[in-house]
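Below is one structure, written out as structure tokens; the observations come after it.
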Amino acid sequence: MPSPLTTLCYIEKDGSYLMLHRVSKKNDINRDKWIGVGGHFEGGESPEDCLLREVKEETGLTLTEYRFRGLVTFLSDDDPPEYMCLYTATGFSGEMISCDEGKLEWVAFEKIPELNLWEGDKIFFRLLQENAPFFSLKLVYRKGALIEKILNGKDLQDAF
């Protein structure tokens, strides 16, 4: 069973985020969705170890400047909870490679809402764009629909 601890990173460049269109894996919970890059912790990794490894594996890039933005807790049906360390990065080196999990593409910030995103992702995109201080976001899904959203312990049902 994969670790319930994950990282996700949105790499920034010229008013765009590097997005991964998940189209390669058949049995992928994120199939056809657009997400950032990241993945599951391996034994003994810190969040930063996982972040740097996953970004390198999926993009070929080495992050040189990044920021831990928030902790996102996902609850979904009978799946175990997932705790995701959310990062943004503004510095990197290296040459981008193709990703075996989907298609990597730079997407302008203003075009992101037009993509096929998870409903909860729209909330943390807004928090990132507003440069919100470090946050804790809890997202509860039932049958793929977002039914509960809690930011820093406060219900967001009417706020987003």
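Per residue, segment 28-160 exposes an accessible area of 54 Å² to a 1.4 Å probe, with every protein chain left in place. Beta bridges from DSSP with both residues in the chain: antiparallel share about 70 percent, rounded to the nearest 5.
Shape of segment 4-83 from the C-alpha gyration tensor: oblate (a/c of 1.5 or more and a/b not above b/c, with a ≥ b ≥ c the square roots of its eigenvalues). Stokes-Einstein, applied to the Kirkwood radius of the chain over Cα pairs at a viscosity of 1.567 mPa s and 4 °C, places its translational diffusion at 81 µm² s⁻¹. Measuring nothing but protein heavy atoms, the accessible surface of the chain at 1.4 Å probe radius is 50 percent carbon and sulfur. Give the angle, between 0 and 90 degrees and rounded to the nearest 10, that separates the Cα long axis of helix 119-129 from the longest principal axis of the Cα atoms of the chain. Value to nearest ten degrees: 60.
The values are calculated or read from the model by the stated rules, or taken from the named source; none is laboratory data. Owing to the predicted nature of the structure, the values given are computational and were not obtained by experimental measurement. Just so you know, the surface numbers come from the protein's heavy atoms only, side chains and all, with ligands and any DNA or RNA stripped out. Shrake-Rupley method; radii C 1.70, N 1.55, O 1.52, S 1.80 Å.
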